[in-house]
Amino acid sequence: MLIAILLAFLALGATKAQANIDIYRPVGITFGQTARVTAANTGTTAIIIDACKFLDSDGNVLAEFEGGFIDPGNMIAFDLNADDIIRENNRIQIRVVIQAPHLRNVRLSLEVFNNADGKTTVFLGGPDT
């Protein structure tokens, strides 16, 4: 009986819903720009990122990327090219949501850069910036 209770408890933990982590204040992008989210693992074990979503001001998903494992000391990046977004106006406000069990030992940044020359126009280096 004790084993059955323990297995049920472990199964509940395995099916726990993923957290949606809204990581940045909204930023605006326009034609000729790309928004890039970078996640760096500063810990000693692999980190799992389930998905990364770019949302517009109405909460619509503009782009979604499957995550993956980030080994210690490594980084992954997700891009949203504003030229690929169908919209009525030149400018669009976006925000980023990452789905992950946790983001301990992960350092995140959001950068907006010009496609033509690579010049960074916006850089947010974490939740406090």
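The values are calculated or read from the model by the stated rules, or taken from the named source; none is laboratory data. Not measured: the values here are computed from a predicted model. Cβ: placed from backbone, ideal geometry, glycine included. Neighbour counts: every protein chain shown. With ligands, DNA and RNA removed, areas are computed over all heavy atoms of the protein, side chains included. Shrake-Rupley method; radii C 1.70, N 1.55, O 1.52, S 1.80 Å.
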- Task: Would you pull out the residues with amide H under 5 Å of ASN115's amide H, same chain only if 5 or more places away, H placed 1.01 Å from N?
- Result: GLN33, THR34
- Note on the structure: A correct Karplus calculation of ³J(HN,Hα) over segment 105-122, with 6.51 cos²θ - 1.76 cosθ + 1.60, θ = phi - 60°, whole Hz and x for Gly and Pro, returns 6, 10, 10, 10, 9, 10, 10, 10, 9, 6, 5, 5, 10, x, 5, 6, 10, 9
- Message: Can you give me the long-range amide H partners of VAL122? Hydrogens built in the peptide plane at 1.01 Å from N, cutoff under 5 Å, separation of 5 or more residues or another chain.
- Response: VAL112
- Heavy-atom accessible area per residue of segment 70-129, all protein chains kept, 1.4 Å probe, expressed in Å², is 62 Å²
- Item | Sites THR45 and ARG107, calculated FRET efficiency, Cβ-Cβ separation with R0 22 Å, nearest 0.05 | 0.90
- For segment 22-101, size of Cβ-based charge dipole, Lys and Arg +1, Asp and Glu -1, in debye: 280 debye
- Query: When the accessible area of segment 45-129 is computed with all protein chains present and a 1.4 Å probe, what percentage of it is carbon and sulfur?
  - Reply: 46 percent
- Give me the Debye-computed log₁₀ of I(q)/I(0) at q = 0.13, 0.17, 0.18, 0.24 Å⁻¹ for segment 39-129, equal point scatterers on Cα only, no solvent, two decimals. -0.49, -0.81, -0.90, -1.34
